[in-house]
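These notes are about the structure you will find just below.
The values are calculated or read from the model by the stated rules, or taken from the named source; none is laboratory data. Not measured: the values here are computed from a predicted model. Neighbour counts run over all protein chains shown; Cβ positions are idealised from the backbone, glycine included.
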Amino acid sequence: MQGVIKAVCISEKKGTEKHPVTSAHLTAAHGIDGDAHAGPWHRQVSLLCYEKVEEFNRRGANVTDGAFGENLLVSGIDFRTLPIGTVFETDNVKLRLTQIGKECHSHCAIYHRVGTCIMPHEGVFAEVLTAGDIKPGDIMTVTLPVDREE
């Protein structure tokens, strides 16, 4: 399974919408350089399915890339259906899925404007395994985790 990165987004401060950038550098065990959510934890990079955002916009939301706080907006991959441990790779970067969805404690700007937000149930989070650069147009491949039960 593979998809195409439609947008790479960052925010310099937590609690603000992210904005698209032309490219970004990811640091192993840290996240996207310059993004406020990067750091030594399990939610270094957030990912969201492009088609889910398009569906949300068809309902009148009119959100832009990064509005949900996603770092990577990817077409062709329904992240919510994948298990923890799934690996995402581009030519330069390797990520591993660590969390599906999140609890929304203080509703985001989208929630206040539209009355709902898709990130808490459609967004996923990953840790950076291999550092490198990433940009819109990069192909992302999916490798499901191997069941280690003997």
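Couple of notes before you dig in:
- Output for the stretch 1-12, where each listed residue is touching a residue at least 60 places away in the same chain (Cβ under 8 Å) and either assigned to a strand (DSSP E or B) or among the hydroxyl-bearing types (Ser, Thr, Tyr) (or both): GLN2, GLY3, VAL4, ILE5, LYS6, ALA7, VAL8, CYS9, ILE10
- Test: residue in the stretch 88-97 that is under 24 Å from HIS30 (Cα atoms), modelled with pLDDT under 90 and buried (at least 20 other Cβ atoms within 10 Å of the Cβ): no
- Taken over the stretch 86-100, the residue count meeting the criterion of being outside any strand (DSSP E or B) and of a type in the set (Val, Ile, Thr) is 3.
- Options GLU51, GLU70; residue that is of a type in the set (Asp, Glu), over 20 Å from THR22 (Cα atoms) and either modelled with pLDDT under 95 or within 14 Å of the chain's Cα centre (by Cα) (or both): GLU51
- Scanning the stretch 125-150 for residues that are at pLDDT below 95 and either in contact with a helix residue (DSSP H, G or I) (Cβ under 9 Å, 6 or more places away or on another chain) or of a type in the set (D, E, K, R) (or both) yields a total of 4.
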